[in-house]
Amino acid sequence: MSVSENVTSAIRELVDANHILFDQGVVDGFGHVSARHPERPDRFLLARSMAPALVTEKDVLEFDLDGKPVVPGGPAPYLERFIHGEIYRKRQDVMSVVHSHSPSVVPFSVVTGTKLQPVCHMCGFLSAKGTPVFEIRDFAGPGSDLLITSGKLGAALADSLGEGPAVLMRGHGSTVVASTLRQAVFRAVYTEVGARLQMESMRLGPVTYLTEEETVGTTKTISTQYDRSWFLWLKAARNSPMSQ
Ligand SMILES: [Zn+2]
């Protein structure tokens, strides 16, 4: 496969990921998904600033890790592209990043005393210790717009993510990472599902969460299955009235 074919196929899959994340209710008009460049680990692919469901191949731009478009003078980029660049810089293992405001996750970013934790096997990738919450006030003061609009804030968010799969952003949303694009999409969908299930479980009574060992076991088994949901969700997205 030539270099350009690699890039072309990465762009095509990234477009599919945009459509799936909308169809699955993870992103709406806002939120974004990126992939590390398949040939240049110091770059990443991300759509121009637009609603994910409407992204086409020609909307995908190439960025360096500082969040600067490789080709200057192009269309407006996402304000929060620094989330992606700074995570790729800090985490060599990360090949894809999803940032969203998916609604069931946000409550866990604003309460004290309750952390987002894995309640079922499909969410076993979530940290058994609880998902960290990034407090932007610690870095941007008390009057920010809550968005990650600089490399400095992106780096602080990446620090808060640490070596984990997800970080919540107080009063804003979440960012999920993975070693493939399909795994990142899976994790973004099941972070939302897991948050919803945890809230419903907590209404019924004390909750039994997965142990550290169970998170390892479930993640290992599910790691062979990402294509199963990917192709289902892709077909659903392509059959949606949005893609007609
Ligand atoms: Zn955001």
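Each reported figure results from applying straightforward, stated rules to the coordinates on display, with no laboratory input. Keep in mind the model is a prediction, meaning the values are calculated, not measured. Neighbour counts are summed over all protein chains in view; Cβ atoms, including those assigned to glycine, are modelled from backbone coordinates with ideal geometry.
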Revision key, fill the gap. Highest mean packing first, using Cβ neighbours within 10 angstrom, the peptides 124-132, 153-161 sort as 153-161, 124-132
Check your understanding: If we count every other residue with Cβ under 12 angstrom of residue 116's Cβ, Lys/Arg +1 and Asp/Glu -1, where does the sum land?
Key -> +2
**Study point:** Span per principal axis, largest first, for the Cα atoms of the stretch 104-162 (Å)
**Key:** 37, 21, 17
Practice item. Return the long-range amide H neighbours of residue 178 (sequence gap of 5 or more, or a different chain), with a cut-off of under 5 Å between placed amide H atoms. Key: 95, 96
Exercise for review: Note the full-extension length gain between residue 71 and residue 93 as 0.36 nm times their separation in residues minus their Cα-Cα distance, in nm to one decimal.
Suggested key: 5.3 nm
Study note, to complete from the structure: Put in order of increasing Cβ neighbours within 10 Å, starting from the fewest, 192, 86, 163 give 163, 192, 86
Exercise for review: Counting helices only, and only those DSSP H runs with n ≥ 4, report the 222 nm mean residue ellipticity of the chain as the sum of -39,500 (n - 2.57) divided by its residues, in deg cm²/dmol to the nearest 500.
Suggested key: -12500 deg cm²/dmol
Review point. What is the gain in length, in nm to one decimal, between residue 221 and residue 128 on full extension, counting 0.36 nm per residue of separation less the C-alpha to C-alpha distance?
Key: 31.8 nm
Point to revise | Whether the stretch 5-68 is rounded, prolate or oblate, judged on the alpha carbon gyration tensor where a/c under 1.5 counts as rounded | key: prolate
Review point. Are any of the pairs 129/220; 58/152; 152/235; 68/235; 68/129; 115/235 more than 27 Å apart by Cα-Cα distance, and if so, which?
Key: 58/152; 152/235; 68/235; 68/129; 115/235
Check your understanding: Taking H as built 1.01 Å from N, whose amide H comes closer than 5 Å to the amide H of residue 47, not counting residues under 5 places away?
Key -> 33, 61
Practice item. Express in whole angstrom the spacing between the alpha-carbon centres of the stretch 23-65 and the stretch 71-143. Key: 16 Å
Review point. What is the packing order of peptides 219-229, 96-106, taking the mean over residues of other C-beta atoms within 10 Å and listing the highest first?
Key: 96-106, 219-229
Point to revise | Phi-based couplings in Hz for the stretch 210-227 (Karplus 6.51, -1.76, 1.60; Gly and Pro marked x) | key: 5, 7, 3, 5, 5, 5, 5, x, 5, 5, 4, 5, 5, 5, 9, 10, 4, 5
